[in-house]
Amino acid sequence: MMDAGGTVIERLDPSRLDELIEVQTEIFTDYIMPMKVTREFFLDFLMSVGGDLRNVLVATRNGKIVGYINPVIDAREGWIGGVGVVPSLRKRGIGTMLMKAGEELCRSKGVSDLYLEVIEGNNRAQKLYQRLGFSATRKFLTAEGRPTKFEGFGAMPGRASMSDIIALHAKSYKDTCWQRRKIESLVQSARASDCYKVEGGFVMTRTVDTSGFIPFLGVLPETRGKGIGTSLARFALSRLWEQGAFKVVLYNVNEDLPTQRMLDKFDFKVTMKQVEMFRRI
Ligand SMILES: CC(C)(COP(=O)(O)OP(=O)(O)OC[C@H]1O[C@@H](n2cnc3c(N)ncnc32)[C@H](O)[C@@H]1OP(=O)(O)O)[C@@H](O)C(=O)NCCC(=O)NCCS
């Protein structure tokens, strides 16, 4: 595929990964949430979502990488794990070319349901996706609060093994965002976290410097509404308090009433919303 300005869409040559990382940092300097991308960050992310470097496509001009798209494929489901164009070459149709090529790659590998997420407020990206036929399906929240020492949490959670976590996750995370419902993400998080279980649920806690995270907290559908989630949250917040976390961040939780009640209960504030978009291809 080539446009009038000589833009070519091609597979990323893995030996050019460092060039792509530099370009990504340039792309995301004016992002709604500025990021400095590193090789480790990108490869970690790719692994955590079950991505494959061989599926990454780049837009090149005069041989230089000027944009990329990261399609992630899991049988009939696909997910756009990132797309971007360097600021100086935007509004020339390169983003559209990348999206179309990404979609074509997904289709050729058997994908029928294509998902992506866009941060609420990133209007230029959302407009692009809408123009290409994606529609918003639901929202996911990022929220922040404080760790707290609680006395008593109901049943005392015990340590969970990887297979405990995988079994509990399969039943309790069916209806969440791509990054939470995919097993690769679970396994990678579990390796880096403390994992606990009770009858009917599980939770993970993790600290990075002074920040605390609860990467997963799941309750089996048949045991919901009985206080298990609240008691796991109390336990996790206490663990993070003991570990000296200054704040606690929750990423990509569902925007539904039970979740909202839980956030209010622990005085967590929503800091960002992500809009999930979908298109049948
Ligand atoms: C979102 C993003 C990828 C779009 O890339 P892009 O190359 O500007 O996309 P396009 O040029 O195909 O489309 C953008 C607009 O330019 C318009 N356009 C396309 N070709 C054009 C041309 N030759 N002349 C004028 N306008 C043009 C399109 O119609 C579109 O307008 P619309 O959204 O009002 O319909 C880019 O803004 C970006 O990299 N942003 C930062 C990273 C980001 O937010 N990524 C998404 C989240 S992961």
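The values are calculated or read from the model by the stated rules, or taken from the named source; none is laboratory data. Since the structure is predicted, the reported quantities are computational estimates derived from the model, not experimental observations. No Cβ is skipped: glycine too gets one built from the backbone with ideal geometry, and neighbour counts run over all protein chains shown. Ligands, DNA and RNA are stripped out before the accessible areas are found, and what is left, the full protein with its side chains, is counted by its heavy atoms. Shrake-Rupley method; radii C 1.70, N 1.55, O 1.52, S 1.80 Å.
Observations on the model:
- Cubic angstrom per residue, convex hull over Cα atoms of the range 8-111: 96 Å³
- Above-threshold pairs, the threshold being 24 Å between Cα atoms, out of Lys226/Lys247; Lys36/Lys265; Lys149/Lys247; Lys149/Lys226; Lys139/Lys269: Lys226/Lys247; Lys36/Lys265
- The fraction of accessible area contributed by carbon and sulfur in the range 8-111 is 53 percent, rounded to a whole number (1.4 Å probe; ligands and nucleic acids excluded).
- Net lengthening on full extension, Leu17/Arg107 (0.36 nm per residue, minus Cα-Cα): 29.9 nm
- Eligible lysines near Lys182 by straight Cα distance, threshold 17 Å, same-chain separation 8 or greater: Lys171, Lys174
- In range of the label at Arg131: residues from the range 83-107 whose backbone nitrogen is under 15 Å from the point 7 Å along Cα→Cβ: 84-85, 89-101
- Charge tally in the Cβ shell below 14 Å around Asp3, where Lys, Arg are +1 and Asp, Glu are -1, Asp3 excluded: +4
- Remark: relative contact order (the range 1-101) = 28 percent; criterion is Cα-Cα distance under 8 angstrom and separation of 6 or more residues.
- The ellipsoid that matches the Cα gyration tensor of the range 142-273 has semi-axes, each √(5λ) in whole angstrom, of 19, 16, 16, with the longest given first.
- Helix 39-48 vs. the chain, principal-axis angle (Cα, 0 to 90°, nearest 10): 70 degrees
- Taking Gly95, Gly227, Gly82 in turn, the Gaussian network model of the chain (Cα-Cα springs below 10 Å) assigns the largest fluctuation to Gly227.
- Derived scalar couplings between HN and Hα for the range 255-271 equal 9, 9, 5, x, 5, 4, 4, 5, 4, 4, 4, 9, 6, 8, 10, 6, 10 Hz in order, rounded to whole Hz, by the Karplus curve 6.51 cos²θ - 1.76 cosθ + 1.60 (θ = phi - 60°), x for Gly and Pro.
- With Cα atoms, 0 to 90° folded angle of helix 228-242 axis to the chain main axis: 90 degrees
- Each peptide in 253-261, 162-170 gets a packing score, the mean of other Cβ atoms within 10 Å over its residues, and the list from highest to lowest is 162-170, 253-261.
- Here the chain carries DSSP beta bridges of which approximately 90% are antiparallel, counting only pairs with both residues inside.
- When each of the peptides 202-212, 67-77 is scored by how many other beta carbons lie within 10 Å of its residues on average, the order from highest to lowest is 67-77, 202-212.
- As a ratio to 2.2 N^0.38 Å, the alpha-carbon radius of gyration for the chain is 1.07.
- Entry note, the chain: relative contact order of 21 percent, from Cα contacts under 8 Å with a spacing of 6+ residues.
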